[in-house]
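Novice: Please find one structure pasted underneath; my questions will follow.
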Amino acid sequence: MSKVWDTMLGLQANIEQQLNEVGHPVEEGHTFDWPNHVWSSTTFRRAHLDAVDARESKGLYMLHVTVFPHIIDPSPIFGFDIICGERKITGCFHDFSASSDKEHPMMSWFQDYAKQFEWRKARELPDWARRIFSPGMIAAGNVSDELEIDQILQIVSTTLPWYLENVGKTNGKGNPQEILEAQNYYCNNQRQNPHTPRVMQSLGFDEETVHRFINDCLFPDLV
Amino acid sequence: MSTLKELTQENHRKAERSAFVGAMMRNQLTAQQWVNYLLWKRDLLVVLDRKLGLTELHFEFNRSSQFDTDIVATGMGPTGLTATLDYIKQIESITNEQAWAHVYVHYLGDLRGGQMLKKMVKQPMHHVDYDDATGLETIIRANVSDALADEANVGFDLTMQAMEEIML
């Protein structure tokens, strides 16, 4: 097995383990052909992980992780996406994206933490992304250097435990209606990302399945 | 002149005779239904606390940790309810004075009926444990009046809406 894929599978297992430790599995009844796991807890409303393992058929592996706070908590939304081939990470995006409180302490922590990674982006973002991603957003593409791959993995190994430890601490500190609208705004803009359906269709999934996945499972609106 | 209790009695009875309360008393709620109820109620009380600054008035208004203990004990993840959002919108749309009607419906409900249910329900119900129930009730009664009957009835209606959604 390639070093990159080996690392990705280890990362997926590690994230699942962390979410199993702090949350409880929720059965949402999805019937997609690839694994979709959902958790919730007293400190977060919905954590979702899906992994598309197309290593054999397409030479690609893709992992999405999101964590949404409860609607009484203005904490940011955790987002982590990675797609990789056998020898390199094709793309990696990671952010603590604002909910109703752009000055939330968790936002400041993430932006301070992200500052140390000089390579983290320097790319022009499309409108939908600029509307929701924080100034600290981490983006990387075409990473084949082993040290850099390890560094990317190290980032999420630091940020996810920290996020899970801190989300929920501001339960009751925000306006639920504003939080609801902010979380829906995030999902609405994420659904406008043209790369998600393009990548998934290139992995062999039909348009209807991809559309249903993005709308009902990956970035579903709260009512 | 009728009292707040009398003016809300019909809806109170309807709630007590709902399929949800019946299933709760017979211990027939699934773990998923129970955890969804707990989260609905927790979020509702947090929103009331935020609006009215309840925990500054009395420590017993702060129920979050007790609810969280009960939620964790289910071993389940709550899935959230549309009814929670509807209820929150209602609380956000009314005056603070009116919001006390919802404090009356929920806290007083747990101080009274909640104690009876605790004896029947097998699941842990730490969220209805109080060290100073009398102090809490005194503050609630000092802030409600018969004029809140209409809003209290809205509270019962929204509660029954949540119970129906939980039972779907």
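Novice: Please list 3J(HN,Hα) in residue order for region A:137-151, calculated via the Karplus relation 6.51 cos²θ - 1.76 cosθ + 1.60 where θ = phi - 60°; whole Hz, with x for glycine and proline.
Specialist: Computed from phi, the couplings for region A:137-151 are 3, 9, 9, 9, x, 6, 9, 10, 5, 4, 5, 6, 4, 4, 5 Hz.
Novice: Over all alpha-carbon pairs in chain A, figure out the percentage whose distance exceeds 31 Å.
Specialist: Numbers: 3573 of 24753 pairs.
So the portion of pairs separated by more than 31 Å is 14 percent.
Novice: Rg and Dmax of the protein assembly as shown over Cα atoms: what are they, in angstrom?
Specialist: 23.3, 81
Novice: Could you line up A:His48, B:His58, B:His102 from fewest to most neighbouring Cβ atoms inside 10 Å? Can you show the working numbers first?
Specialist: Working: A:His48 22, B:His58 16, B:His102 27.
Ranked by crowding around the Cβ, least crowded first: B:His58, A:His48, B:His102.
Novice: Residue by residue through region A:194-206, which ³J(HN,Hα) values in whole Hz follow from phi under the Karplus form 6.51 cos²θ - 1.76 cosθ + 1.60 (θ = phi - 60°), with glycine and proline marked x?
Specialist: Working through the residues one at a time gives x, 6, 4, x, 4, 5, 5, 5, 5, 7, x, 8, 6 Hz.
Novice: Let me ask another. What ³J(HN,Hα) values, in whole Hz, does the Karplus curve 6.51 cos²θ - 1.76 cosθ + 1.60 give for region B:105-114 when θ = phi - 60°, with x put for Gly and Pro?
Specialist: 4, 8, 5, 5, x, 6, 5, 9, x, x
Novice: Length gain on complete extension for the stretch A:Lys102 to A:Glu148, per 0.36 nm per residue less the alpha carbon to alpha carbon distance? Intermediate results must be reported in sequence, preceding the final value.
Specialist: Working: separation 46, 0.36 × 46 = 16.56 nm, distance 2.96 nm.
That pair, A:Lys102 and A:Glu148, stretches by 13.6 nm at full extension.
Novice: If you don't mind, another one. Note down the relative contact order for chain A as a percent, whole number, built from C-alpha pairs under 8 angstrom at least six residues apart.
Specialist: Values: 375 pairs, mean separation 41.4, N = 223.
So the answer I get is 19 percent.
Novice: What lysines does A:Lys115 reach when the alpha-carbon gap must be under 28 Å and sequence neighbours fewer than 8 apart in one chain are set aside?
Specialist: Counting by Cα, and skipping residues close in sequence, A:Lys115 has these lysines nearby: A:Lys3, A:Lys88, A:Lys102, A:Lys169, A:Lys173.
Novice: How much FRET efficiency would the formula 1/(1 + (r/R0)^6) give for B:Glu56 and A:Ser2, where r is the Cβ-Cβ distance and R0 is 45 Å, rounded to 0.05? Spell out each step's value before the answer.
Specialist: On the way: r = 58 Å, r/R0 = 1.29.
Efficiency computed from Cβ-Cβ geometry: 0.20.
Novice: A follow-up question, please. Over the Cα atoms, compute the radius of gyration (one decimal) and Dmax (the largest Cα-Cα distance, rounded to a whole number) for chain B, in Å.
Specialist: 14.9, 48
Novice: Per the Kirkwood formula on distinct C-alpha pairs, the Rh of region A:32-136 is how many angstrom? Mind showing how you got there, number by number?
Specialist: Working: mean 1/r = 0.0651 Å⁻¹.
This gives a value of 15.4 Å.
Novice: Can you give me the distance in nm between label points at B:Lys89 and A:Trp162, each placed 7 Å from the Cα along the Cα-to-Cβ direction?
Specialist: Reported label-point gap for B:Lys89 and A:Trp162 is 3.7 nm.
Novice: Give me the inter-chain shielding for B:29-35: mean count of other chain Cβ atoms within 10 Å, whole number please. Present the calculation step by step, with values, prior to reporting the outcome.
Specialist: Working: counts 0, 0, 1, 2, 0, 0, 4.
Shielding by partners across B:29-35 averages 1.
Novice: What is the ratio of the Cα radius of gyration of region A:99-214 to 2.2 N^0.38 Å, with N the residue count, to two decimals? All intermediate terms of the calculation are to be shown ahead of the outcome.
Specialist: Details: Rg = 16.5 Å, N = 116, 2.2 N^0.38 = 13.4 Å.
Dividing the Cα radius of gyration by 2.2 N^0.38 Å gives 1.23.
Coordinate-derived values only; no laboratory data. Worth saying up front: this structure is predicted, and the values here are computed from it rather than measured. Backbone-built Cβ (ideal geometry, glycine too); neighbour counts: all protein chains shown.
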